[in-house]
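**Q** Got a structure for you, questions after.
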Amino acid sequence: MHLDAGHISQLIALCRAEINRNCDRLSVLDSAIGDGDHGANMRRGLEAVFAEREAIAALPLPAALERIGLVLVMNIGGAAGPLYGTLLMELGRGLAPDADAAGFAATLEAAIAAVARRGRSGPGDKTLLDVLYPVQAAMRKRSAPEAIAACARSAARSTGPMQARRGRAAFLGARSIGHEDPGASSCALLAAAICGYFAEHRVS
Ligand code: ADP
Ligand code: MG
């Protein structure tokens, strides 16, 4: 992963813009099967990261990821905060400074496992993990960024027919079926935006 300070800063700005653009949609999704705050939660988290982006971008990539995770935990709130926070903090802690794409994929796998432990959740529970697992699998296969982005979007859509087994949506039982999971949706938006940047700037 050859990401310099400029790339890190632009990626933060991109993720923040993507969440801002989709904030209402994420909250509408969360209104259907949760409490309607997911868009606002994510926006608060990304705004806090954006406010610190120059200091974060000056750090080496592993430390930058760890810092982003901490800022997300402190600012997203809700169930999603500790989960996104764990993902980024574990990624940062585990990533070797000179990691290549294969090293990144391996570290991501360990970070996703930490999210699953934290949420006591797994595949098919209708959560953001249902996007993270297929995205990681696509990365391990060395898929092109465009293919990984498409995989993330389709994985988020595929949470629609699932019945939620974790988080607030689980209280709805079978009534959670037929609605895309908001956390899966925000995760796919962010993954697709990052992949789009990688494709455009030929980062590898
Ligand atoms: P809250 O549910 O506290 O209002 P958010 O609305 O911000 O928090 O986030 C909800 C999202 O968090 C869900 O759509 C789901 O993807 C994710 N989530 C909730 N609980 C869990 C869990 N135990 N494991 C994995 N993901 C979870
Ligand atoms: Mg919510």
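**Q** Suppose all protein chains stay in the model; what accessible area per residue would a 1.4 Å probe give for the chain, in Å²? Write down the numbers at each step before the final one.
**A** Working: 9420 Å² over 204 residues.
I get 46 Å² per residue for the chain.
**Q** Carbon-plus-sulfur fraction of the accessible area of the range 5-201, 1.4 Å probe, in percent? Could the numbers behind the result be given before it?
**A** Values: 4980 of 8810 Å².
Exposed carbon and sulfur together represent 57 percent of the surface.
**Q** In addition: Would you calculate, for the chain, the mean residue ellipticity at 222 nm contributed by helices, counting each DSSP H stretch of 4 or more residues as -39,500 (n - 2.57) and dividing by all residues, to the nearest 500?
**A** Value at 222 nm, helices only: -23000 deg cm²/dmol.
**Q** Normalised by the number of residues in the chain, what is the relative contact order in percent for Cα pairs under 8 Å and 6+ residues apart?
**A** With pairs under 8 Å counted, the relative contact order is 22 percent.
**Q** Run the quick spin-label model on S154 and R202: label points 7 Å from Cα toward the beta carbon, then report their separation in nm to one decimal.
**A** About 2.8 nm, to one decimal.
**Q** If you don't mind, there's one more thing I want to ask. For Cα pairs less than 8 Å apart in space and 6+ apart in sequence, what is the mean separation divided by the residue count of the range 71-186, i.e. the relative contact order in percent?
**A** Once normalised by length, the contact order is 22 percent.
**Q** In addition: If I fit a long axis through the Cα atoms of helix 182-201 and take the longest principal axis of the Cα atoms of the chain, what angle between them do I get, 0 to 90°, rounded to 10?
**A** Between the helix axis and the principal axis of the chain, the angle is about 30 degrees.
**Q** Continuing with this model, one more query. All other residues with a Cβ under 15 Å from the Cβ of M162 taken together, and with Lys, Arg as +1 and Asp, Glu as -1, what is their net charge?
**A** +2
**Q** Keeping all protein chains in the complex and leaving out DNA, RNA and ligands, what accessible area do you get for T127 with a 1.4 Å probe, in Å² to the nearest 10?
**A** Using a 1.4 Å probe on the heavy atoms, I get roughly 20 Å².
**Q** Give me the net charge of G178's neighbourhood, meaning all other residues with Cβ under 14 Å from the Cβ of G178; Lys, Arg count +1, Asp, Glu -1.
**A** Details: positive: K126, R157, R175; negative: E180, D181.
With Lys, Arg at +1 and Asp, Glu at -1, the neighbours total +1.
**Q** Using only Cα atoms, tell me the angle between helix 61-76 and the longest principal axis of the chain; keep it within 0 to 90° and round to the nearest 10.
**A** Approximately 30 degrees, to the nearest ten.
**Q** Counting alpha carbon pairs within less than 8 Å and at least 6 residues apart, what relative contact order, in whole percent, applies to the range 47-103? Intermediate values should be presented prior to the final figure.
**A** Details: 61 pairs, mean separation 19.9, N = 57.
Once divided by the residue count of the range 47-103, the mean separation gives 35 percent.
**Q** Please give the FRET efficiency for R165 paired with A113, using the beta carbon to beta carbon distance and R0 = 25 Å, rounded to the nearest 0.05.
**A** About 0.90, to the nearest 0.05.
**Q** Additional query: Could you give the length gained on full extension between N20 and A51, defined as 0.36 nm per residue of separation minus the Cα-Cα distance, in nm?
**A** Answer, rounded to one decimal: 9.7 nm.
**Q** Hey, what angle do you get for helix 5-33 against the long axis of the chain, alpha-carbon based, 0 to 90 degrees rounded to 10?
**A** Approximately 0 degrees, to the nearest ten.
The values are calculated or read from the model by the stated rules, or taken from the named source; none is laboratory data. Computed from a prediction, not measured in an experiment: that's the story for all the values here. A quick note on method: Cβ atoms are made from the backbone with ideal geometry, for glycine too, and the neighbour counts reach across all protein chains shown. Remember, those area values only see protein heavy atoms, side chains included, never the ligands or the DNA or RNA. Shrake-Rupley method; radii C 1.70, N 1.55, O 1.52, S 1.80 Å.
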